[in-house]
1. From the list A232, A207, exactly one residue is surrounded by 19 or more Cβ atoms within 10 Å (Cβ to Cβ) and either modelled with pLDDT under 90 or within 18 Å of the chain's Cα centre (by Cα) (or both). Which is it?
2. Looking at the range 230-248, can you tell me whether even one residue there is free of Cβ contacts under 8 Å to residues at least 24 places away in the same chain and either hydroxyl-bearing (S, T, Y) or over 29 Å from N152 (Cβ atoms) (or both)?
3. I need a count of the residues in the range 206-227 that are in contact with a helix residue (DSSP H, G or I) (Cβ under 6 Å, 6 or more places away or on another chain) and under 11 Å from L78 (Cα atoms).
4. Got a number for residues in the range 155-172 being out of contact with any Asp or Glu (no Cβ under 7 Å at 6 or more places or on another chain), surrounded by 13 or more Cβ atoms within 10 Å (Cβ to Cβ) and not small (G, A, S)?
5. Would you mind listing the helices (runs of 4 or more DSSP H) fully within the range 251-327 where at least 2 residues are small (G, A, S) and modelled with pLDDT of 80 or more?
Amino acid sequence: MDRLDSAAPGNGDVAGTGGPLRWLESQKNRLIVLTFLAGLAMFLPLISNNYVLEVMTNVWFYVMLCLGLNIVVGYAGLLDLGYAAFFAVGAYTTGILTSHFGVNFWLTIPAAVLFSICAGVIIGGPTLRLRSDYLAIVTLGFGEIVRIIARNLEITGGASGLIGIEKPSLFGFEISQISHFYYVFLLLACLACFVSYRLQHSRLGRAWQYVREDEDAAEAMGIDRVAIKLYAYVIGAIFGGVAGCFFAAKMTAISPETFMFQQSVLILLGVVLGGMGKIPGVIIGAFALVLFPEVFRDLGSSRILVFAIVMLVIMLYRPEGIWPEKKT
């Protein structure tokens, strides 16, 4: 298999699919849903407790991560199994600079972006010439290498991780409460949506689509497939790095176990579950990743099994993702 193909055209009209999913096929109905959710998101801190805010903050965090990976997987068709590595690069950049060198949090963001770009170029440059299966193995190895390095270096805190990471402040106002971080991550998620949308409808986005669907045909059209893939990989890395910065600031402590292979799989699951290449679908996938385990929390350790079964059923009966394709 030479590429990670997106859902075939017309899959959104699968016969026999009914209920809310068919209702969402209408553009008007989608707009109603999105407007309602936007209003609810803005006023949620006024009507909910800290537990709900903590869960929803995690949702917005995963929205940003899933949208970043969606650029790599959904737009460019690259199977990345080590995306948590870029998340780790951003988190450790902020953690090291604030806890060891006393650098202001906001100044660590450009540094994290720079390191994420470098990591993306170093890994993506020589490996993006590979096809799907081999690329997946290389990215998986990259993710584990980053985690192992973080576990064994003194500056990263070793296996114990880093503590004492600075919380951000803006014009003298410290961002410390969960309601503050809720709005920060909501803003980041909205920004990620906007950037993803602009990229999807740009010349670069169309080039990604051509390469994803048929690399040989894209090259025949004069598209440099390696360069186009590298753009996607690096931009996705930036999303992960920035998300890692704010995650580290929110938690004030990080450890290598946060960035294990399972984290990369979860983020990929959110993209595939919602619908690769579809921004609303990826958002729904991120919601599912966080909310389903919370809904089944009373089941204890069995909730993971229930969560896996629910995910499997959705993928079997909705292989193109939860968010249906727009009818044409």
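1. On the way: A207 fails: either modelled with pLDDT under 90 or within 18 Å of the chain's Cα centre (by Cα) (or both).
Step by step, each of A232, A207 is checked, and only A232 is surrounded by 19 or more Cβ atoms within 10 Å (Cβ to Cβ) and either modelled with pLDDT under 90 or within 18 Å of the chain's Cα centre (by Cα) (or both).
2. Going through the range 230-248, the residues free of Cβ contacts under 8 Å to residues at least 24 places away in the same chain turn out to be none.
No, there is no match, as no residue in the range 230-248 is free of Cβ contacts under 8 Å to residues at least 24 places away in the same chain and either hydroxyl-bearing (S, T, Y) or over 29 Å from N152 (Cβ atoms) (or both).
3. Here is the first cut: in the range 206-227, the ones in contact with a helix residue (DSSP H, G or I) (Cβ under 6 Å, 6 or more places away or on another chain) are 207-208, 210-211, 215, 218-219, 223, 225.
Adding the requirement that they be under 11 Å from L78 (Cα atoms) leaves 208, 211.
Here the count works out to 2.
4. Step one: filter the range 155-172 for residues out of contact with any Asp or Glu (no Cβ under 7 Å at 6 or more places or on another chain), giving 155-166, 168-172.
After this cut, where a residue has to be surrounded by 13 or more Cβ atoms within 10 Å (Cβ to Cβ) as well, the list is 156-158, 161-163, 165-166, 168-169.
Still in the list and also not small (G, A, S): 156, 162-163, 165-166, 168.
Qualifying residue count, the range 155-172: 6.
5. Working: elements: 261-274, 279-295, 303-317.
Fully inside the range 251-327 and qualifying: 261-274, 279-295.
The values are calculated or read from the model by the stated rules, or taken from the named source; none is laboratory data. Since we're looking at a predicted model, the values are computed, not measured. For neighbour counting, all protein chains shown are included, and Cβ atoms are generated from backbone atoms with ideal geometry for every residue, glycine included.
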